[in-house]
């Protein structure tokens with residue numbers, strides 16, 4: 001673990017996130033140590049579980065700060081995974097737990113990314129999402 005502090009910002013859209021990253025790169029007050037773009041088509045791309053965001057680690061005066069930048073949809077997805085990790089007592093946030101539940105969240109993340117870009121999901125994705133939704137309802141039966 002290299003950062004000693006962190007902050008998360010929720011911005012209206014991916015273009016806003018990208019603009020803020022450009023601004024962070026231009027600042028002379030700190031040095032960018034690392035940028036990880038967990039976004040489709042970028043480096044390293046979405047995490048295997050579907051997580052999407054941009055993480056920027058800056059250094060100033062020998063201190064490392066991680067800045068997590070998300071859109072509202074990315075944040076809602078991440079918050080849902082975190083809540084279900086606690087509520088269901090499965091390690092979803094850490095890549096463990098029932099396979100169909102992990103796959104459900106991965107597909108939901110893909111769906112949300114398409115919707116955020118105002119793209120219509122393919123019929124196959126909607127069918128897969130529907131099937132996974134039905135398969136995961138048993139985990140929520142007591143809630």
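A few comments on the model shown:
- GNM result for the chain, Cα springs below 10 Å: residue of 43, 61, 84 fluctuating most strongly: 61
- Rg/Rh, computed from the Cα trace of the chain with Rh as the Kirkwood radius, has the value 1.02.
- Residue-averaged [θ]222 nm for the chain, counting only DSSP H segments that reach four residues, each worth -39500 (n - 2.57): -14500 deg cm²/dmol
- Using the average count of surrounding beta-carbon atoms within 10 Å as a protection proxy, the listed peptides 46-53, 134-141 rank, highest first, as 46-53, 134-141.
- The chain - share of DSSP beta bridges that are antiparallel (%, nearest 5): 65 percent
- Computed over region 73-135, the Cα gyration tensor eigenvalues convert (square root of 5λ each) into semi-axes of 21, 14, 7 Å, ordered from largest to smallest.
- Scattering from region 5-71 was approximated by placing one identical point on each alpha carbon and applying the Debye formula without solvent; log10 I(q)/I(0) at 0.20, 0.28 1/Å stands at -0.79, -1.32.
- Sorted by Cβ neighbour density within 10 Å, fewest at the top, the residues 133, 105, 64, 94: 94, 133, 64, 105
- Note: relative contact order over the chain, using C-alpha pairs below 8 Å and six or more positions apart, is 22 percent.
We did not get these values from a lab; they are worked out from the coordinates using the rules stated. Every value quoted in this text rests on a predicted model; they were computed, and no experiment measured them. Methodologically, a virtual Cβ is constructed for each residue, glycine included, from the backbone with ideal geometry; neighbour enumeration extends over all protein chains shown.
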